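The values are calculated or read from the model by the stated rules, or taken from the named source; none is laboratory data. Remember, it's a predicted structure, so these values are computed and weren't measured experimentally. Because the Cβ atoms are built from the backbone with ideal geometry, glycine has one as well, and the counts that use them run over all protein chains shown. Heads up: the accessible areas ignore ligands, DNA and RNA and are worked out on the full protein's heavy atoms, side chains in. Shrake-Rupley method; radii C 1.70, N 1.55, O 1.52, S 1.80 Å.
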Amino acid sequence: MFTNNTEVMAAALGPGPMVPAVFRVQRTKKETSDTFTMELLPEEGPQEFAFAPGQFNMLYAFGVGEVPISISGDPARRSVVVHTTRDVGPVTSALRRLKPGEGLGIRGPYGTGWPAAEARGADVVIAAGGIGLAPLRPVLYQILAARQHYGKVVLLYGTRTPADILFRRELEQWRSRFDLEVCVTVDRAVGSWAGMVGVVTKLIPRAPFDPHSTIAMICGPEVMMRFTVQELEGRGVATENIYVSLERNMKCAVSFCGHCQFGPAFVCKDGPVFRYDRIQPLMAVREV
Amino acid sequence: MVNRVVRKNVRRRPGGVAQTAAFAVCGRFGLVRNPAARRLIMSDSDPPGEERFVFECDQLDLLLAALKKHGYRVVGPTVREGAIVYDELRSAADLPVGWSDEQEGGRYRLLKRSDRAHFGYAVGPHSWKQFLHPPVRRLWQASRTQDRLEIVPEKDDPPKTAFLGVRACELHAIQIQDKVFLRGGYSDPSYKARRENAFIVAVNCGHAAGTCFCVSMQCGPKVGAGFDLALTEVVEETRHYFVVQAGSEAGRQILGEIPHREADVSERTAAERIVSRTAEQMGRAMDTTEIKSLLYSNYEHPRWESVAARCLTCGNCTMVCPTCFCTTVEDVTDLSGKHAERWQKWDSCFTTSFSYIHGGSVRPSGYARYRQWMTHKLAAWIDQFGTSGCVGCGRCITWCPVGIDITEEVQAIRSAAPLPARENEENHGNA
Ligand SMILES: Cc1cc2nc3c(=O)[nH]c(=O)nc-3n(C[C@H](O)[C@H](O)[C@H](O)COP(=O)(O)OP(=O)(O)OC[C@H]3O[C@@H](n4cnc5c(N)ncnc54)[C@H](O)[C@@H]3O)c2cc1C
Ligand code: SF4
Ligand code: SF4
């Protein structure tokens, strides 16, 4: 009942459903004070890694643990696996400490992807909150690579402070394009910030898109996604044209461990990207 | 962490009600006469050509010997610490001969029977999932040297195992876990190997416990399919024998190696009568009519508050349930920091850590956790695997320290709920 546009891809990395493949850190780039982007290469030598934007991998930090992290790289660049992670606890912090050349485990890719194919011919609204921009970046690359097939493309991005803005240089490049509308807002303006202040939902009323022919893709904290959907609905976007990416605890990512259940859905397999109308009733219930 | 069943309110020592016969025990709880029971049994009569055989009770050891000769480790029910548990059997004498049980919400106790029945009890705290989906299992080991990380998967070489005494509900539970681990897009190689190495000797139930409700879940007490051999134990004044049915080629081969003969009409009838009598002795029943939409439309029912006020969120129900499959993982390292391992362990949705994501648990309240367990078991499971997650074995009722009863909780929601919208599926129990 949840099967999305993207078929569940058979995981390509790892010798068994629960056994990671070994990759090495090629380089780590500091994005903000707590967020970093890693480029990873297979230990076994060059290898093609195909994924659908929106999918994630399980990353294992030696001896510490394994966590789900979305793929944040360009789907056209298949030789390298890219992840953008926010250091919030033991595993993500161990990943951050990895130096170039050091190894980690990867299983994946898992889950459903963003509806880039469905969105062809329509306007696209991409709304991101905080680290939520990372799982959306691949679909933006994908859309920009086939820009002529889409109508208006709008990126709405909200983050805590100007210092927390991810992919800053890329955002500037995107902002200078004539075929892409980029709006960034921060919760708290600090320093010389001259841009928008306030939550990302405030950007929706004035964003240029045709609500009756729009596909929206949202990723961020659950409250942010709820309010963004409300605003979009307010402008007339139907919930079957809205997609969100959910976060749940995941121990296996192959629907065996049971942790990621959201009603009848396994977020690891039926998600993380869901068409909103299919989960709308559950989104209204506390503590599902 | 919750792998051990907490037993409170349960008397550990075998009860001393020596004169109580099994059927009298059931009678004490009153019979739940379920009209569906009779219908089920009658429509379940053997397809034509299905043969039944007979061997005498004292030949049961020959069956064990034949299984062992074929390299099977035989596991089955045995008495330990006042309960019937599953463990390795050296001989038929290790079975709970002459024992029965008394079960109610939060209560379990063994009783002496007046006969020497080998299978005269209902299911205990163990289920076969401990052999197919072990409580603790190493997934892989990793080693780190200066310039290399290596991950070595666990070599899984499970022993050939014969399960002796698998009840109808338990067969259904195994088939449900097959759907979880073998048919969901990904397949669990460890489960698969264990499953393929299992030989199943099923037993038709001659005694229902006070917490049994397999009839209403369409999962028993008569064994349907999915076994290698199925036995019905017949204890008469002067004779004690088993009526046997072979369900697979492997079963026919093993049977061929022990003395047996074709069952006559009176033996077949005796066996049939035993299982139909058990069906009438169900201690409980669950009304599964449109249960999926009933639960999906009652996420906010006040009954969840009431059950949360009683529930200790101890997770016993999930540990004893033969279909609950959730696991967590644990990472360990040695002191040198060069060696690490990843272990998989049974987990329970009753813990707060189960649903933890950065910032806190998704289901901090007991309300949400009990609701998750029951709604998953009886509703979401149908969407996920095409079958209910409950087989009516009653374990969660018996082993709940406060006696929370899933049949009663469903009834409470049903009686105070608006009628759910109609569903189009026909069957909301187990297919
Ligand atoms: C589909 C998906 C995609 C994600 N993509 C990204 C991303 O691109 N970038 C990013 O920064 N974060 C992402 N996350 C969140 C990320 O997985 C968590 O921040 C991370 O698990 C935190 O682990 P920790 O040990 O560093 O910290 P803590 O939050 O302190 O976690 C402590 C422990 O809790 C457990 N835990 C916490 N959250 C989770 C979880 N979601 N699943 C399983 N176990 C958990 C782990 O065992 C962990 O070690 C994603 C989550 C999901 C489900
Ligand atoms: S939910 Fe309770 S009665 Fe149903 S199968 Fe599990 S333990 Fe048995
Ligand atoms: S229902 Fe009973 S067994 Fe289950 S968690 Fe609650 S108290 Fe424990």
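So what's Rg/Rh here for region A:123-245, counting alpha carbon atoms and using the Kirkwood radius for Rh? Can you show the working numbers first?
Details: Rg = 13.4 Å, Rh = 14.4 Å.
My calculation puts Rg/Rh at 0.93.
Could you sort out which of A:K29/A:K251; B:K129/B:K292; B:K112/B:K160; A:K251/B:K377 sit more than 22 Å apart by Cα distance in this structure?
Working: A:K29/A:K251 27 Å; B:K129/B:K292 25 Å; B:K112/B:K160 33 Å; A:K251/B:K377 20 Å.
Long pairs (Cα-Cα over 22 Å): A:K29/A:K251; B:K129/B:K292; B:K112/B:K160.
Would you mind computing, in nm to one decimal, how far apart the modelled labels at A:V88 and A:Q280 are, each placed 7 Å from Cα along Cα→Cβ?
2.7 nm
Quick one: which residues, 5+ away or cross-chain, put their amide H under 5 Å from the amide H of B:E154? H built at 1.01 Å from N.
Long-range HN contacts for B:E154: B:W140, B:Q141.
Calculate the spin-label point distance for B:R273 paired with B:E249, positioning each point 7 Å from the Cα along the beta-carbon direction, and give it in nanometres.
The two pseudo-label positions are separated by 3.8 nm.
Give me the one-decimal nm value for the distance between modelled label points at A:L144 and A:T239, 7 Å along each residue's Cα-to-Cβ direction.
3.3 nm
FRET efficiency for B:V265 and B:S306, Cβ-Cβ distance as r, R0 = 56 Å, nearest 0.05?
Details: r = 53 Å, r/R0 = 0.94.
Efficiency computed from Cβ-Cβ geometry: 0.60.
Please compute the alpha carbon radius of gyration of chain A, then divide it by the globular-protein estimate 2.2 N^0.38 Å. Two decimals is fine.
Details: Rg = 18.1 Å, N = 288, 2.2 N^0.38 = 18.9 Å.
For chain A, the normalised Cα radius of gyration is 0.96.
Eigenvalues of the Cα gyration tensor times 5, then square-rooted: what semi-axes does that give for region B:29-279, in whole angstrom, largest first? Could the numbers behind the result be given before it?
On the way: eigenvalues 229, 89, 71 Å².
Semi-axes, largest first: 34, 21, 19 Å.
Restricting things to alpha carbons, tell me how big region A:172-229 is in terms of Rg and Dmax, in Å.
13.0, 39
Please compute the contact order of chain A in relative form: average sequence separation of alpha-carbon pairs under 8 Å and at least six residues apart, divided by the residue count, as a percent. Could the numbers behind the result be given before it?
Values: 637 pairs, mean separation 55.2, N = 288.
RCO, chain A: 19 percent.
Convert each backbone phi in region B:107-113 into a coupling constant with the Karplus relation 6.51 cos²θ - 1.76 cosθ + 1.60 (shift: θ = phi - 60°), then list the ³J(HN,Hα) values in order as whole Hz, x for Gly and Pro.
Values, residue by residue: 9, 8, 7, 8, 9, 7, 8 Hz.
Show me, for region B:288-305, the HN-Hα J-couplings you get by feeding each phi into the Karplus relation (A = 6.51, B = -1.76, C = 1.60, θ = phi - 60°), rounded to Hz, glycine and proline as x.
Values per residue, Gly and Pro as x: 9, 3, 6, 5, 4, 6, 4, 6, 4, 9, 10, 4, 10, 5, x, 4, 4, 5 Hz.
For B:P322, what charge total do you get from the other residues with a beta carbon under 9 Å from its beta carbon, if Lys and Arg give +1 and Asp and Glu give -1?
On the way: positive: B:K129, B:R395; negative: B:E170.
That works out to +1.
In the neighborhood of B:N298, defined by Cβ-to-Cβ distances under 13 Å, what is the net charge if each Lys or Arg adds +1 and each Asp or Glu adds -1?
Numbers: positive: B:K292, B:R303, B:R371, B:R414; negative: B:E290, B:E300, B:E305, B:E409.
Overall, the nearby charge balance is 0.
Before anything else, pin down the relative contact order of region A:123-245: Cα pairs under 8 Å, at least 6 apart, normalised by residue count, whole percent. Working shown, then result.
Numbers: 212 pairs, mean separation 38.6, N = 123.
Worked out over region A:123-245, it gives 31 percent.
With θ set to phi - 60° and the Karplus curve 6.51 cos²θ - 1.76 cosθ + 1.60, what are the ³J(HN,Hα) couplings of region B:215-230 in order, to the nearest whole Hz, using x for Gly and Pro?
With the stated coefficients, region B:215-230 comes to 4, 5, 8, 6, 10, x, x, 8, 5, x, 9, x, 10, 8, 9, 10 Hz.
How many Å³ per residue does the convex hull of the Cα positions in the protein assembly as shown occupy?
Numbers: hull volume 125.6 nm³, N = 719.
Expressed per residue, the convex hull around the Cα atoms of the protein assembly as shown is 175 Å³.
Can you list the residues, at least 5 places off or on another chain, whose amide H is less than 5 Å from the amide H of A:M217, using H built in the peptide plane?
Distant-sequence amide H within range of A:M217: A:V125, A:I126, A:A127, A:Y243.
Put A:I126, B:I151 in order of accessible area, largest first, 1.4 Å probe: what do you get? Could you put the intermediate results ahead of the total?
Values: A:I126 0, B:I151 25 Å².
Heavy-atom accessible area, descending, gives B:I151, A:I126.
Within 12 Å, Cβ to Cβ, of B:R371, how many net charges do the neighbouring residues add up to if Lys/Arg are +1 and Asp/Glu are -1? The partial results should precede the final answer.
Numbers: positive: A:R286, B:R303, B:R363, B:R369, B:K377; negative: A:E287, B:E300, B:E305, B:E409.
Combined, the nearby Lys, Arg, Asp and Glu give +1.
Go ahead and run the numbers for FRET between A:K30 and B:K338, Cβ-Cβ distance against an R0 of 25 Å, rounding to 0.05. Could you put the intermediate results ahead of the total?
Numbers: r = 29 Å, r/R0 = 1.15.
Calculated value: 0.30.
Can you work out the accessible area per residue across region A:5-110, with the rest of the protein chains kept in place, probe 1.4 Å, in square angstrom? Let's see the in-between values first.
Numbers: 4050 Å² over 106 residues.
Per-residue accessible area for region A:5-110 comes out at 38 Å².
Which order do A:Y276, B:Y356, B:Y72 take by accessible area at a 1.4 Å probe, largest first? Mind dumping the intermediate values first?
On the way: A:Y276 15, B:Y356 115, B:Y72 40 Å².
The ordering from most to least exposed comes out as B:Y356, B:Y72, A:Y276.
So what is the relative contact order of region A:5-110, in percent, for Cα pairs below 8 Å that sit 6 or more residues apart? Provide the component values of the computation, followed by the final result.
On the way: 220 pairs, mean separation 41.4, N = 106.
Relative contact order here is 39 percent.
Work from the charge dipole of region B:29-279 (Cβ charges, +1 for Lys and Arg, -1 for Asp and Glu, about the Cα centre) and give the residue of B:S91, B:H172, B:F53 farthest towards its positive end.
Checked the options; the winner is B:H172.
Among DSSP beta bridges whose residues both lie in the protein assembly as shown, state the antiparallel percentage, nearest 5. If you can, show how the numbers build up before the last one.
Working: 82 of 116 bridges.
Given both bridge residues lie in the protein assembly as shown, the antiparallel proportion sits at roughly 70 percent.
As a test question: what accessible area, to the nearest 10 Å², does A:M224 have when a 1.4 Å probe is rolled over all protein chains in place?
Taking all protein chains as shown, A:M224 has close to 30 Å².
Can you put B:V332, A:V244 in order of accessible area, largest first, using a 1.4 Å probe? If you can, show how the numbers build up before the last one.
Working: B:V332 55, A:V244 0 Å².
Largest accessible area first, the list is B:V332, A:V244.
Taking +1 at the Cβ of each Lys and Arg and -1 at the Cβ of each Asp and Glu, which of A:A146, A:C219, A:G130 sits farthest along the dipole of region A:123-245 towards its positive end, judged by Cα position relative to the Cα centre?
Value computed over the given set: A:G130.
What FRET efficiency comes out for B:S143 versus A:A50 if R0 is 25 angstrom and r is the Cβ-Cβ distance? Round to the nearest 0.05. The partial results should precede the final answer.
Working: r = 30 Å, r/R0 = 1.18.
Once the sixth-power term is evaluated, E becomes 0.25.
Distance from the Cα centre of region B:228-305 to that of region A:211-288, in angstrom?
Cα centres, region B:228-305 to region A:211-288: 43 Å.
Amide H of B:G210: which non-local residues (sequence gap of 5 or more, or other chain) have their own amide H closer than 5 Å, using H built in the peptide plane?
B:Q103
If you count only protein heavy atoms and use a 1.4 Å probe, how large is the accessible surface of A:T185, to the nearest 10 Å²?
0 Å²
Helix-only mean residue ellipticity at 222 nm, chain A, DSSP H runs n ≥ 4 weighted -39,500 (n - 2.57), per residue, nearest 500. What is it?
On the way: 6 runs with 54 residues, N = 288.
After summing the helix terms and dividing by residue count, I get -5500 deg cm²/dmol.
Just to verify a number: what accessible area does B:K68 come out at with the full protein assembly present, 1.4 Å probe, Å² rounded to tens?
80 Å²
On the accessible surface of region B:29-279, probed at 1.4 Å, how many percent belong to carbon and sulfur atoms? List each step's numbers first, then the result.
Details: 5010 of 10280 Å².
Carbon plus sulfur share of accessible area: 49 percent.
Assuming 0.36 nm per residue, please report the length gained on full extension of the stretch B:A93 to B:Q411 beyond their Cα-Cα distance.
On the way: separation 318, 0.36 × 318 = 114.48 nm, distance 4.19 nm.
110.3 nm is the gain from fully extending B:A93 to B:Q411.
Using a simple charge model, +1 on the beta-carbon of Lys and Arg, -1 on the beta-carbon of Asp and Glu, nothing else, what dipole does region A:5-110 show about its Cα centre, in debye to the nearest 20? Spell out each step's value before the answer.
On the way: 11 positive and 11 negative charges, 60 e Å.
Taking the Cα centre of region A:5-110 as origin, the dipole is about 300 debye.
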